[in-house]
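The values are calculated or read from the model by the stated rules, or taken from the named source; none is laboratory data. None of the values given here were measured: they were computed from a predicted structure. Heavy atoms of the whole protein, side chains included, go into the accessibility calculation; ligands, DNA and RNA do not. Shrake-Rupley method; radii C 1.70, N 1.55, O 1.52, S 1.80 Å.
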Amino acid sequence: MKQYLIRCISLSVMLICGIVGFFAHAERLNVSPFFKEDFAKNPSVTMVSFSGEQTDWKGLTLYKSVSVSGDPAKADEIARSVRKDGAKAEFKETSFKDGKLYFGFYGLGGAGENRKYLFYLDLRPKGKDKTTLVYIEGDWTPEEVKKMITKKIK
């Protein structure tokens, strides 16, 4: 009986670890590497990052943006990663030009201050050599995020 109990407990622990590991892995985004300092060292890349304490925007906990100009390979790499993450999004608004992702706004889940959003804009189809990716966490509705981002772009 004692061995049976030990086996049951061991199997339960292994099952729980497996489930936790799966969900931790699912939270990783394909776009994460583009927000690392190594990527920002490239002269074609501009990065902005701040947390809610550094802004007057109530409810914002994290803002990261990266823009690429003059490096089509890096811009294409970002687009591929955005499409992969976008495929798992809870909601999305997208626009394509000539079969390529031009605009994407994605809700990645979460609740309260842990809501996660991705915004992507590729201006190359309009003749401008710039691609921008924004990651936001905070207690904002999708409408509030879109309003803030459109103000920043104008």
- prompt: Once the whole set of protein chains is in place, how much accessible area is left on MET148, using a 1.4 Å probe, in Å² to the nearest 10?
  reply: 20
message: What lysines does LYS128 reach when the alpha-carbon gap must be under 18 Å and sequence neighbours fewer than 8 apart in one chain are set aside?
response: LYS74, LYS97, LYS100, LYS152, LYS154
- request: Write down the radius of gyration of segment 82-154 and its Dmax, each obtained from C-alpha positions, in Å.
  value: 12.4, 38
- line: With Rg from the Cα atoms and Rh as the Kirkwood inverse mean 1/r over Cα pairs, segment 28-154 has an Rg/Rh of 0.94
